[in-house]
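These notes are about the structure you will find just below.
The values are calculated or read from the model by the stated rules, or taken from the named source; none is laboratory data. Keep in mind that what you see is a predicted model, and the values were worked out from it rather than measured. Backbone-built Cβ (ideal geometry, glycine too); neighbour counts: all protein chains shown.
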Amino acid sequence: MIIEIFVFIFGSCIGSFLNVCIHRLPKSKSLAFPGSFCPKCKKPIKFYDNIPILSYLFLRGRCRKCSEKISLRYPIVELITAIFFLVLYLKLGLTLELAKFVFLFSVLVVVSFIDIDYHAIPIYLCFIGITGGLLFVLWPTCALLKTGVFDLKVLPLYKAFAGLLFGFGFTYAFKFFGDIGLDFYLKFRKQESIEGEKESLGLGDVDFMGMVGVFLGVKAVVLVFFIAPFIALLYSAYAIFFKKTHLIPYLPYLSLATVITFFWGNKILSFVM
Ligand SMILES: [Zn+2]
C-alpha cells in the first residue's frame, strides 16, 4: 500500500510539471525559470500553495494574494497523471516497461491539452516521444542480443522501427487521399475551408501515429486510427445535443484511443477477428 501511495503522489508531482509544460511550451518559455507565479498579480506561488491537487482544494481554487480564480485544469491534469501512474504501476510493476509507458502517457497528456488550447502542437513534441520510445527499447534489445537471439522480428528495436514507419506511412496515406477528397468537396461546395480547416489530417496527427507505432507496434496503429473517430463521434453527438462548439482538435481523441488500445487492444482485436 505504501508503494501505491508513493506512486500516486509522484504521479501528481509529474502532473504538476506537465501543467508547466502545457502552459509554457507553446509560448517557447523556459520550464525552469521563473518559478510558478499567479498570472494576474504576478506574485510567486509559495511551495505550500503549490502542492499538487491539495493546494487547489485548500485555496478553494483561488490565488491566496489576489483571489484570482485558478483554472480547474491544473488539479485535473495532476489527478489524471496520478491515476495513470498508479494504474500503470498496478499493471506493470516496478519495471522498465513502467518507465516507458509513464513517459508515453505523460506525452499524451501534454500533447492533448496543448492541442485543445491551440489546435496545433509544437512539432518537436512527438519527436521527443519517438526518440524516448526508441531509447526505451535499446536496453531490452541489447539484452536479447547478448543471449544470442538474432531473429529480427522479436527484437524490440526492430518492432519499434517497424511501428514508426507503419505509423507514419499508414496515416500519411489516409491524409493524402483524405486531402484529395476534401479538396474535391470544397470545390464542389465552393467553400474555402470547413471552419478554417483545409486538411483532412494534420502532419501533427501523422507524427503522433508514428509515436504510437514506436510504443505499441503496428497493430496498435490500426486500432488507434479506427477507435479515435468513434470517440470523436460520441463527442460530436454530445456537442450537437448540448449545442456546444463543434470543431475540436483531433489529438485528444487519438490520445484517448491510445490509452484504450494500451489497456484493451488485444481484447478488441480478438473481438473484431
Ligand atoms: Zn494572484
Restricting attention to the stretch 182-191, does a residue exist that is within 26 Å of Leu25 (Cα to Cα) and loosely packed, with under 15 Cβ neighbours inside 10 Å? no
Would you pick out the residues in the stretch 114-139 that are more than 17 Å from Ser255 (Cβ to Cβ) and surrounded by 16 or more Cβ atoms within 10 Å (Cβ to Cβ)? Leu134, Phe136, Val137
Does any residue in the stretch 230-241 that is closer than 16 Å to Ser255 by Cβ come within less than 6 Å, Cβ to Cβ, of a residue that is surrounded by 10 or more Cβ atoms within 10 Å (Cβ to Cβ) and modelled with pLDDT under 85 six or more places away or on a different chain, and which pairs are these? none
Helices (runs of 4 or more DSSP H) contained in the stretch 44-141 and holding at least 3 residues within 16 Å of the ligand (Cβ to nearest atom) and not β-branched (Val, Ile, Thr): 54-58
Restricted to the stretch 244-255, and to residues that are touching a residue at least 40 places away in the same chain (Cβ under 8 Å) and within 15 Å of the chain's Cα centre (by Cα), which residue is surrounded by the most Cβ atoms within 10 Å (Cβ to Cβ)? Leu254
Given the conditions (1) over 24 Å from Trp264 (Cβ atoms); (2) buried (at least 16 other Cβ atoms within 10 Å of the Cβ), and given that Phe84 satisfies all but one, which numbered condition is not satisfied? (1)
Pick out the one residue from Leu201, Leu152, Leu164 that is in contact with a Gly (Cβ under 7 Å, 6 or more places away or on another chain), at pLDDT below 90, farther than 30 Å from Ser12 by Cβ and not basic (Lys, Arg). Leu201
